[in-house]
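Read the figures in this text as sums done on the coordinates, not as results from a lab. Since we're looking at a predicted model, the values are computed, not measured. Note: ideal-geometry Cβ built from the backbone for every residue, glycine included; neighbour counts use all protein chains shown.
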Amino acid sequence: MPVPDRPSSHVPDAGAIASAYGLGRPTGDLAYSARGEIGCIWRLETVRGVWAVKELFRPADEAAASADVAFQEAAIAAGVSMPRPILARDGRVVSEVGTGDRSSSLRVYTWIDLAGRDVRAPTQEAGAILGRLHALAYPDDRAIDPWFTTAVATETWVELLTRAEHARVPWASTLAELVPRMTAGDGLIAAGRHTPTIRCHLDFNPENVLVDTAGRTVVVDWEDSGPEAAEQELASAIDEFARGPAAVRAFLRAYAASGGPATLRDPSSFAMSFAFGANLVASYVRQALDPSTTEENRDRAIHWIGDIAASAFIPGRVDELLEAAAGV
């Protein structure tokens with residue numbers, strides 16, 4: 001089942017956006033493209049070109065947005081292809097367009113035509129891009145988000161399971177089967193090493209590493225980049241991209257050839273993978289059970305609970321990946 005994806009009933013003002021960002025006169029209205037977890041994407045065509053307008057679901061901190069733009073520009077300079085962030089005419093990354101209930105928090109990027117969301121980037125190319133990114137050793141001295149380092153508490157799982165069962169939701173049995181698979185990684189989460197930190201993409205997966213119509217591999221969705229150990233992001237990316245021992249070795253060789261500094265040392269290299277997966281599931285369950293959640297967001301949350309249940313990361317997978325990596 002595809003991810004529920006519906007356009008907003010409110011379409012931001014194309015003219016106001018073009019004016020705020022100095023994009024030139026629009027040649028038509030905004031066209032809805034897609035949505036993610038933090039915002040939806042609109043296509044804006046003007047006399048100066050085509051632009052991707054990201055309408056944010058929540059207001060963004062300007063200082064944080066400016067920092068992630070600096071990271072993106074450093075990655076572009078290192079040869080990573082991506083939609084280029086565009087600053088507003090007043091120098092800000094995020095602009096508020098409209099007033100009252102018709103106000104939107106927006107970011108703007110150059111537009112990239114994708115070959116298709118289901119077109120996977122070559123494994124070696126993904127590894128090479130991550131290597132170039134980690135070779136930057138881009139500094140980020142903030143504390144790591146506990147989302148990537150901390151297991152979901154047992155009492156939290158019990159509470160969520162109880163709520164799902166009492167609500168008689170049809171996916172309660174899926175959750176009951178999934179929770180033991182999530183908690184199986186708690187020991188590895190506790191053993192995880194998360195130093196030294198650099199700024200990482202933190203969502204480096206096939207949904208965000210795509211192929212454009214010219215055949216280039218491009219990386220999108222940089223807004224949640226932040227501090228983590230390169231080793232942890234490398235392990236997570238290998239699980240996401242590499243299917244089979246040969247693919248694991250190809251990814252690692254391309255990563256190292258591009259200057260990637262990290263290696264997989266032992267099972268604790270995968271601590272972030274387990275912590276992220278568990279916290280993501282718990283977040284989707286809360287969203288699906290929240291009576292104030294919109295129908296679309298509830299449907300999306302339920303979809304992802306099922307999707308993760310079908311392919312949840314388990315300790316046995318760690319052994320397979322480490323064995324394959326030992327051949328590099």
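Of everything in the range 139-174 that is in contact with a helix residue (DSSP H, G or I) (Cβ under 7 Å, 6 or more places away or on another chain) and closer than 19 Å to ALA235 by Cβ, the residue that is surrounded by the most Cβ atoms within 10 Å (Cβ to Cβ) is PHE148.
Answer yes if at least one residue in the range 122-138 is touching a His at 6+ places or on another chain (Cβ under 7 Å), more than 22 Å from VAL50 (Cα to Cα) and part of a helix (DSSP H, G or I), and no otherwise.
First pass over the range 122-138, keeping only residues touching a His at 6+ places or on another chain (Cβ under 7 Å): 133.
The next check asks that each one be more than 22 Å from VAL50 (Cα to Cα); those that pass are 133.
Retained after the next criterion (residues that are part of a helix (DSSP H, G or I)): 133.
Yes: the range 122-138 contains one or more residues that are touching a His at 6+ places or on another chain (Cβ under 7 Å), more than 22 Å from VAL50 (Cα to Cα) and part of a helix (DSSP H, G or I).
Total residues in the range 283-303 satisfying the condition of being in contact (Cβ under 8 Å) with a residue 24 or more places away in the chain and surrounded by fewer than 20 Cβ atoms within 10 Å (Cβ to Cβ): the figure is 5.
Check the range 259-267 and report whether any residue there is surrounded by fewer than 14 Cβ atoms within 10 Å (Cβ to Cβ) and either assigned to a helix (DSSP H, G or I) or not hydroxyl-bearing (Ser, Thr, Tyr) (or both). First the steps, then the outcome.
Taking the range 259-267 as the starting set, the residues that turn out to be surrounded by fewer than 14 Cβ atoms within 10 Å (Cβ to Cβ) are 265-266.
Keeping just the survivors that are either assigned to a helix (DSSP H, G or I) or not hydroxyl-bearing (Ser, Thr, Tyr) (or both) gives 265-266.
Within the range 259-267, one or more residues are surrounded by fewer than 14 Cβ atoms within 10 Å (Cβ to Cβ) and either assigned to a helix (DSSP H, G or I) or not hydroxyl-bearing (Ser, Thr, Tyr) (or both).
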